[in-house]
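This report concerns only the one structure given below.
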Amino acid sequence: GSAWGLTRTGEVLAAAHDLVLIEFDVNDADLFDGVSLATSRAQHEDILRRLRAALPEARLMLMTMSPVTGIARHLQRPRLAAYDALYRDLAATQEVGLADHAPRWHRAWASGLARPADGLHPDGAATARVTVPALLELLTGPAGCVSSG
């Protein structure tokens, strides 16, 4: 989650990446191990502030990923949509990129793509089909590009 992300910011800064992809919303939304929306917002704002200060030329991008599937995962993350919405708001207010993959996953599953066996983590082939093309499109577009599906 974003609390863990804060502890790793120093490592990201030391590596001086040109691109930083951030996706903690699904873990922050977890009822057992997650954090409140307010805490998630504050931690993400802190991560973004630190990255901007030390890596002003780096491209920062928030990502929503695949929604959870199965009753157990839904019960564990009943407010995931609110955390996805937080990412959309953060992208706009913090002026960072957004790769909003959640709508793509919904469409892929509706068209017959198999849902993750564990209800949470799509396999590599599914990710290559759904997420990778969208990321490539975003990364070759304007720096502030936002994709909502």
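Quick notes on this structure:
- Qualifying positions in the range 106-119 - assigned to a loop (DSSP other than H, G, I, E, B) and either farther than 13 Å from Val68 by Cβ or open to solvent by 20 Å² or more (accessible area, probe 1.4 Å) (or both): Ser111, Gly112, Leu113, Ala114, Arg115, Ala117, Asp118
- Filter result for Arg73 (assigned to a helix (DSSP H, G or I), in contact with a Leu (Cβ under 6 Å, 6 or more places away or on another chain) and either farther than 25 Å from Pro116 by Cβ or open to solvent by 40 Å² or more (accessible area, probe 1.4 Å) (or both)): yes
- Hits in the range 1-49 (condition: open to solvent by 80 Å² or more (accessible area, probe 1.4 Å), in contact (Cβ under 8 Å) with a residue 40 or more places away in the chain and within 18 Å of Met63 (Cα to Cα)): His17, Asp18
- Checklist (1) crowded, with 21+ Cβ neighbours inside 10 Å; (2) part of a helix (DSSP H, G or I); (3) of a type in the set (Ser, Thr, Tyr) applied to Ser66, failing item: (2)
The values are calculated or read from the model by the stated rules, or taken from the named source; none is laboratory data. The shown structure was predicted, so the numbers you read here are calculated from the model rather than taken from an experiment. All Cβ positions, glycine included, derive from the backbone under ideal geometry; neighbour counts span all protein chains shown. These area figures cover heavy atoms from the full protein model, side chains too; ligands, DNA and RNA do not enter into them. Shrake-Rupley method; radii C 1.70, N 1.55, O 1.52, S 1.80 Å.
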